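Chemist: Let me give you the structure first, and then I'll get to my questions.
The values are calculated or read from the model by the stated rules, or taken from the named source; none is laboratory data. The shown structure was predicted, so the numbers you read here are calculated from the model rather than taken from an experiment. Positions of Cβ are generated from backbone atoms using ideal geometry, with glycine treated the same way; all protein chains shown enter the neighbour counts. Each accessible area value is taken on the protein alone, full model and side chains, heavy atoms only, with ligands, DNA and RNA left out. Shrake-Rupley method; radii C 1.70, N 1.55, O 1.52, S 1.80 Å.
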Amino acid sequence: MNSLFFQDLELIKKDDKQYEAYRSMENSVIIAGPGSGKTRVLTLKAVTLAKSHIHKPCGLACISFSRESVRELKKRLKSYGYIPSSKDFIGTVHSFSLLHVIQPFAHLYPQYNVIYPIKILPDDIKERLYNSVLQELNIENDRDLSLVDINKHRSLSLKGRSEINMESSDLIAKAAEIYEAKIRETEFIDFTNIINLSAKIINEQEYVRETLRSQFPWLLVDEYQDLGKALHEMVLELVFYAGIKLYAVGDTNQSIYGFNGGYPDFLLELTRNDNIKTIELVSNYRSSQHIIDASIEALNPVPPYPKYVAGKRKDDIADFTFITCEEEMEAQYEVVAKKVISNLLVKGTPLNEIGIIASSNAQIHNMANYMQQQKIPFFIVNWSFENSAVVVWLQDCASWCSNKNTQSFEELFKFWKNLVNNHQDLRENWENIRLKSLFYRVLTGSISKTNVYDWLTYTINNLDLKDTLIDSEIYPNEVGNLEALLNEAKLRNLKDVNITRFANLGFPEDQVTITTRHSSKGLEFEVVILLGMEEEHFPSFYHLGNETALAEDQRLCYVCVSRAKTTCILLRSRIFTIQTRRGPWKKEYEASRYWKSLYNRFGNEQNTFTKDAYPLIQEN
């Protein structure tokens with residue numbers, strides 16, 4: 001605990017709900033809307049528990065949905081002066097399942113048929129198994145039965161304590177059964193297997209539950225609404241049948257990963273439990289009240305409506321702009337790159353306070369091409385590699401090479417030493433001083449490398465990192481992930497980037513951020529630019545008539561709009577060309593229902609333009 005910890009503690013005391021959430025020592029669910037300061041509250045709580053209520057040999061367990069949110073948690077904990085011990089777990093649900101359930105316990109129970117060493121199902125074999133399922137069921141078009149639907153059913157069909165049941169078709173259920181059987185015939189396990197099997201072991205084996213309770217008296221869960229049924233079943237078992245205390249943070253209105261089996265119903269089930277205290281954080285410290293109202297307008301919730309209020313920007317007036325282009329997405333890319341960004345710069349908006357939100361990775365890269373043509377610096381949120389623990393460690397090493405004051409050499413060495421010791425690396429028999437000397441020589445020798453590709457190649461090769469990680473049980477498929485990272489650095493968006501930039505990948509440096517709708521979650525900008533606001537595009541044509549999917553699209557729009565602090569710019573096109581058997585068809589698209597809803601409340605003649613009529617502001 002340092003001065004920043006106590007400074008932030010004093011800050012949350014000014015918000016009654018934040019302080020109530022921090023002080024709660026019961027099983028608690030914190031419902032935290034956009035900009036409500038939930039990460040601050042969660043990390044303050046984590047440090048307090050670790051320092052005052054969790055005693056050795058126990059540790060802190062903190063689980064989140066994505067590696068990015070885990071990294072943010074670790075960064076915030078570090079800023080408070082907290083260094084996790086070897087007994088702590090701070091990571092994703094997949095990592096928790098693998099490291100604390102399957103690896104230490106599955107071999108004790110032959111009925112689960114876990115093959116060691118654990119190997120994650122490679123993408124090529126995954127695709128082959130999926131295609132064989134389609135062939136077995138005589139399905140010619142993969143749109144009629146996607147692998148996403150199969151895996152979602154596998155996640156949701158898990159039996160346990162929860163009373164929530166999500167239905168799917170008989171066809172999907174049959175396909176999931178066949179696909180599961182085909183995986184069992186291989187030597188591999190996939191990510192759905194990992195968490196489902198972990199939940200099953202926890203549910204059925206009292207010894208596992210008791211051991212986990214002795215290790216982790218408290219379980220902290222961030223982004224609960226995104227984590228799916230398997231994690232929910234684990235929580236119900238560990239909290240109500242093993243006596244572990246729960247501190248869960250989430251927001252049902254930001255549940256946008258239904259395709260992974262994450263639905264708001266599981267978080268809602270917790271809030272209805274009489275043995276769990278529910279606390280709602282209602283102040284939004286990010287956005288103006290108009291943006292808050294606009295996001296709720298986009299959400300279109302059933303009563304009772306969320307009662308979010310501006311915590312800081314109470315008197316700020318939001319700025320909305322509606323731009324209609326004539327044809328295709330290219331017109332939207334062009335007006336954004338040539339006019340919208342220029343106008344924002346003239347108004348004094350920093351580049352890193354501008355976020356462009358697109359529907360897909362393809363749109364991201366198309367938008368990036370137009371930005372390159374206009375020489376506008378940009379940052380892409382989605383990468384071709386996973387931001388794994390090893391990649392994050394490499395970024396921290398790059399940070400140390402750029403500025404030795406930013407990272408602890410001892411902590412960096414400790415991570416690498418653990419890699420060596422846990423992977424049957426011959427160097428595990430070296431004396432500590434010899435191993436540390438090698439690591440120091442490699443890092444200091446890498447400083448002369450001018451770009452990230454050369455730096456990564458030098459560091460990975462001289463530490464023999466790929467050889468260490470081959471067939472790793474702790475970091476399955478990490479060698480392939482390192483290859484993807486090197487490819488990104490050699491040929492794609494990290495080409496010619498320096499190591500300082502690589503060390504700060506999650507943080508744009510005077511750059512416009514381009515992201516997908518789903519990946520925008522957790523981000524915030526002064527200005528949000530929403531592309532593709534046409535009906536049948538957003539919401540998707542494939543979701544029309546599906547109430548569950550449409551509800552999720554509605555929440556996704558809510559997430560996108562609520563990224564903005566003061567300004568929201570929406571774009572759409574009237575006509576798109578669709579290729580048919582009879583040739584190209586120019587189809588007219590109406591404005592999205594979300595566009596219409598926002599326009600009815602915030603639109604007027606002064607903020608509504610066609611692409612050509614949208615003015616280019618000249619600098620004085």
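Chemist: Inside segment 26-60, can you point out the residues that are more than 21 Å from K307 (Cβ to Cβ) and either free of Cβ contacts under 8 Å to residues at least 12 places away in the same chain or touching a Pro at 6+ places or on another chain (Cβ under 9 Å) (or both)?
Modeler: Answer for segment 26-60, where residues must be more than 21 Å from K307 (Cβ to Cβ) and either free of Cβ contacts under 8 Å to residues at least 12 places away in the same chain or touching a Pro at 6+ places or on another chain (Cβ under 9 Å) (or both): L49, A50, S52, H53, I54, H55, C58, G59, L60.
Chemist: Just for segment 594-620: of the residues that are closer than 30 Å to P301 by Cβ and of a type in the set (G, A, S), which one is surrounded by the most Cβ atoms within 10 Å (Cβ to Cβ)?
Modeler: It comes out as S597.
Chemist: Follow-up question, since we're still on this one. Looking at this structure, is L419 farther than 30 Å from K521 by Cα, out of contact with any Asp or Glu (no Cβ under 8 Å at 6 or more places or on another chain) and of a type outside the set (D, E, K, R)?
Modeler: Numbers: farther than 30 Å from K521 by Cα: yes; out of contact with any Asp or Glu (no Cβ under 8 Å at 6 or more places or on another chain): no; of a type outside the set (D, E, K, R): yes.
The answer is no for L419.
Chemist: Among the residues of segment 552-582, count how many are without any contact (Cβ under 8 Å) to a residue 60 or more places away in the chain and open to solvent by less than 20 Å² (accessible area, probe 1.4 Å).
Modeler: As a first pass, look at segment 552-582 and keep what is without any contact (Cβ under 8 Å) to a residue 60 or more places away in the chain: 553, 578-582.
In the following step, the residues that additionally are open to solvent by less than 20 Å² (accessible area, probe 1.4 Å) were identified as 553.
Within segment 552-582, residues that are without any contact (Cβ under 8 Å) to a residue 60 or more places away in the chain and open to solvent by less than 20 Å² (accessible area, probe 1.4 Å) number 1.
Chemist: Tell me, which helices (runs of 4 or more DSSP H) wholly within segment 36-122 include 3 or more residues that are of a type in the set (A, V, I, L, M, F, W, C) and under 27 Å from E20 (Cα atoms)?
Modeler: Numbers: elements: 38-52, 67-79, 93-97.
So the answer is 38-52, 67-79.
Chemist: Separate question: Within segment 483-508, which residues are open to solvent by 50 Å² or more (accessible area, probe 1.4 Å) and either among the β-branched types (V, I, T) or assigned to a strand (DSSP E or B) (or both)?
Modeler: Let us first name the residues in segment 483-508 that are open to solvent by 50 Å² or more (accessible area, probe 1.4 Å), namely 483, 487, 490-493, 495-496, 498, 500, 504, 507.
Answer for segment 483-508, where residues must be open to solvent by 50 Å² or more (accessible area, probe 1.4 Å) and either among the β-branched types (V, I, T) or assigned to a strand (DSSP E or B) (or both): just T500.
Chemist: Also, quick follow-up: Take segment 62-90 and flag every residue that is of a type in the set (A, V, I, L, M) and either without any contact (Cβ under 8 Å) to a residue 40 or more places away in the chain or touching a helix residue (DSSP H, G or I) at 6+ places or on another chain (Cβ under 7 Å) (or both).
Modeler: First, pick out the residues of segment 62-90 that are of a type in the set (A, V, I, L, M): 63, 70, 73, 77, 83, 90.
Answer for segment 62-90, where residues must be of a type in the set (A, V, I, L, M) and either without any contact (Cβ under 8 Å) to a residue 40 or more places away in the chain or touching a helix residue (DSSP H, G or I) at 6+ places or on another chain (Cβ under 7 Å) (or both): I63, V70, L73, L77, I90.
Chemist: Are there strands (runs of 3 or more DSSP E) fully within segment 305-403 with at least 1 residues that are at pLDDT 90 or above? List them. Step through it out loud before you land on a result.
Modeler: On the way: elements: 319-327, 354-358, 378-380.
Because the criterion is at least 1 residues that are at pLDDT 90 or above, the strands (runs of 3 or more DSSP E) in segment 305-403 that meet it are 319-327, 354-358.
Chemist: Among the residues of segment 371-403, which ones are surrounded by fewer than 19 Cβ atoms within 10 Å (Cβ to Cβ) and among the aromatic types (F, W, Y)?
Modeler: W383, F385, W393
Chemist: Looking only at segment 161-178, count every residue that is within 15 Å of G261 (Cβ to Cβ) and part of a helix (DSSP H, G or I) and tell me the total.
Modeler: Selection size over segment 161-178: 3.
Chemist: Which residues, taken from segment 509-551, are open to solvent by 40 Å² or more (accessible area, probe 1.4 Å) and under 19 Å from the mean Cα position of the chain (by Cα)?
Modeler: Result: H518, G522, L523, E524.
Chemist: Does N275 satisfy being out of contact with any Pro (no Cβ under 9 Å at 6 or more places or on another chain) and closer than 20 Å to I31 by Cα? Spell out how you get there, then give the answer.
Modeler: Working: out of contact with any Pro (no Cβ under 9 Å at 6 or more places or on another chain): yes; closer than 20 Å to I31 by Cα: yes.
Answer is yes for this residue.
Chemist: Identify all residues within segment 552-580 that are within 20 Å of the chain's Cα centre (by Cα) and either farther than 22 Å from D319 by Cα or in a strand (DSSP E or B) (or both); write none if there are none.
Modeler: Initially, segment 552-580 is screened for residues within 20 Å of the chain's Cα centre (by Cα), giving 552-564.
Once the filter is applied, which keeps residues that are within 20 Å of the chain's Cα centre (by Cα) and either farther than 22 Å from D319 by Cα or in a strand (DSSP E or B) (or both), segment 552-580 yields E552, D553, A564.
Chemist: Ok, one more. Within segment 108-141, which residues are free of Cβ contacts under 8 Å to residues at least 24 places away in the same chain and charged (D, E, K, R)?
Modeler: The answer is D123, D124, E127, R128, E140.
Chemist: Please verify whether segment 520-530 includes one or more residues that are polar (S, T, N, Q), out of contact with any Lys or Arg (no Cβ under 6 Å at 6 or more places or on another chain) and on the phi < 0 side of the Ramachandran plot.
Modeler: Kept after step one, since they are polar (S, T, N, Q), are these residues of segment 520-530: 520.
Still in the running and out of contact with any Lys or Arg (no Cβ under 6 Å at 6 or more places or on another chain): none.
Checking segment 520-530: not a single residue is polar (S, T, N, Q), out of contact with any Lys or Arg (no Cβ under 6 Å at 6 or more places or on another chain) and on the phi < 0 side of the Ramachandran plot.
Chemist: For segment 404-448, how many residues are open to solvent by less than 70 Å² (accessible area, probe 1.4 Å) and outside any helix (DSSP H, G or I)?
Modeler: Total meeting the criteria: 6.
Chemist: Moving on to the next point. So D251 clears everything in (1) open to solvent by less than 20 Å² (accessible area, probe 1.4 Å); (2) without any contact (Cβ under 8 Å) to a residue 40 or more places away in the chain; (3) among the acidic types (D, E) except one condition, right? Which one?
Modeler: It fails just one condition, (2).
Chemist: Which residues, taken from segment 209-239, are charged (D, E, K, R) and open to solvent by less than 10 Å² (accessible area, probe 1.4 Å)? Working first, answer last.
Modeler: Applying the first criterion (charged (D, E, K, R)) to segment 209-239 yields 209-210, 213, 222-223, 226, 229, 233, 237.
Selection gives D222, D226, K229, E233, E237.
Chemist: Continuing with the same structure: Out of segment 157-195, which residues are closer than 23 Å to N273 by Cα and either open to solvent by less than 20 Å² (accessible area, probe 1.4 Å) or hydroxyl-bearing (S, T, Y) (or both)?
Modeler: S157, S162
Chemist: How do the pairs read when you match residues in segment 523-534 that are assigned to a loop (DSSP other than H, G, I, E, B) with residues anywhere that are of a type in the set (D, E, K, R), using Cβ under 8 Å and keeping only pairs 6 or more apart or on different chains?
Modeler: Final answer for the pair search is L523/R563; E524/R286; E524/R563; E524/K565; G532/R572; M533/R572.
Chemist: Here is a follow-up. Does C58 satisfy the criteria of being closer than 28 Å to A389 by Cβ, surrounded by fewer than 24 Cβ atoms within 10 Å (Cβ to Cβ) and not aliphatic (A, V, I, L, M)? First the steps, then the outcome.
Modeler: Numbers: closer than 28 Å to A389 by Cβ: yes; surrounded by fewer than 24 Cβ atoms within 10 Å (Cβ to Cβ): yes; not aliphatic (A, V, I, L, M): yes.
Here the answer is yes, as C58 does meet what is asked.
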